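Here the structure is laid out as structure tokens; the discussion comes afterwards.
The values are calculated or read from the model by the stated rules, or taken from the named source; none is laboratory data. Note that this is a predicted model, so its numbers are computed, not measured. Cβ placement follows ideal geometry from the backbone for every residue including glycine, while neighbour counts extend to all protein chains displayed. Surface areas here come from the heavy atoms of the whole protein model, side chains and all, with no ligands, DNA or RNA. Shrake-Rupley method; radii C 1.70, N 1.55, O 1.52, S 1.80 Å.
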Amino acid sequence: MSNNNFLLNYACFPSKTKGRYFKEPEDENRSCFQRDRDRIIHSNAFRKLEYKTQVFINYEHDYYRTRLTHSLEVAQIARSIARRLGLNEDITECIALAHDLGHPPFGHAGEDALKKSVQDLNLDNEKYEFDHNVQAIRILTYLEQKHADFDGMNLSWEVIEGVAKHNGPLLGQNAESSTNNQLLLEYNEKYDLKLEEFSSIEAQVASIADDIAYSVHDLDDALRANLVTIEDLLNVPLIEKMFKDIRSRYSELPQSKLIHESLSGTIGTMISDVVSQTERNIEDHKIKSVEDVRSLNKMLVTFSPEVANATKEMKRFNMEKIYRSYKLSRTMNKAKRIIQELFQCFYENPGLLPTEWSKLACESQRSVIICDYISGMTDRFAIHEHRRIFDTSYEMTSF
């Protein structure tokens, strides 16, 4: 069990948890957050991330990152930051591992397709919009159904709250835009997630670890896909300096090692910057408790201004050269079509859903249930399901 003696006063202490929605006996050998982590790792939703796209369709190359490997990398970076800041590594890891559980197949293209599908229904009585962060909460509190005494994973309040708000408040003056998502507002009422406040410092660490991981690792995958070259990266701040430094120290280094050393060094630089800047923020704002973190009207865990600007440039480069590249756009266009056609088909003909899902779709809010079903698919299952329904040359006896 984690030793609370090493945690600083503004960290999340297991002994001070607000507990679980459904009461359970405590585990003698694990803290509440360690138990939460184990439930996440053993969940169906976490296991399916292995076959969900991060950026590049995973079956096109064995080494492309998937949602699973991305989540593991985020967790590693988050734990590294948490350890150096004297925070609770276990809850940090929980939030990092769970932050992408709600992603549908094909990454953000799949999410965009589900959003558009719901919007195209033009149902005035629905305030539902598919959102992968909200879907993660839905998985944690309801869709993961394994336990005899409750639906969902029944995680500690701090984990659910951290997943919901790891990117910042969702209501009130501190929110980038106040949510009107019907499901999230219902969860807020049930779990009192305090959506108008900032999250714990551990949740903020998980969020910035996500930024570090995808900003750098998407470049790594883009190099494998030949969408960008090393020469292209020499125009990207932070990375440019690292590549030049490694080249000057190892003039004959093979390209594969040059890429690894440079990107690994970039991640290390970003981690150290976050730790140093956050320590300054804690001192400047006189942070002494968890309550101080939550009531602060800004994020406490940040990059320095210099590295924040460099990170923005890196993201801009990724958007232009990777996410909007014609090769990736073509693939994602196909993916969106698969998701939208599946949604429309199931919405108009819920009898085509598996029996238990069909019953739910007829008894509950249909758009929500269909989004639950489709978002739970892996990339390859979505492709095969689309073929089974729309491809007349597909084996008629295939199920």
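Structure values in brief
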read-out	value
Elements of type helices (runs of 4 or more DSSP H) contained in the range 1-110, each with 3 or more residues being out of contact with any Pro (no Cβ under 8 Å at 6 or more places or on another chain) and open to solvent by 10 Å² or more (accessible area, probe 1.4 Å)	32-41, 44-48, 67-85
Residue 273 among the charged types (D, E, K, R), part of a helix (DSSP H, G or I) and farther than 20 Å from residue 74 by Cα	no
Test: residue in the range 169-185 that is within 18 Å of the chain's Cα centre (by Cα), in a loop (DSSP other than H, G, I, E, B) and modelled with pLDDT of 95 or more	no
Identity of the residue in the range 221-231, touching a residue at least 60 places away in the same chain (Cβ under 8 Å) and within 11 Å of residue 322 (Cβ to Cβ), that ends up surrounded by the most Cβ atoms within 10 Å (Cβ to Cβ)	222
Those residues of the range 362-392 which are under 26 Å from residue 183 (Cα atoms) and charged (D, E, K, R), in sequence order	363, 366, 372, 379
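So that you can scan it fast, the table gives a plain yes or no per residue for (1) open to solvent by less than 70 Å² (accessible area, probe 1.4 Å); (2) modelled with pLDDT of 95 or more; (3) small (Gly, Ala, Ser); (4) touching a helix residue (DSSP H, G or I) at 6+ places or on another chain (Cβ under 8 Å):
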{"site": "255", "(1), (2), (3), (4)": "no, no, no, yes"}
{"site": "262", "(1), (2), (3), (4)": "yes, no, yes, yes"}
{"site": "268", "(1), (2), (3), (4)": "yes, yes, yes, no"}
{"site": "279", "(1), (2), (3), (4)": "no, yes, no, yes"}
{"site": "283", "(1), (2), (3), (4)": "no, yes, no, no"}
{"site": "295", "(1), (2), (3), (4)": "no, no, yes, no"}
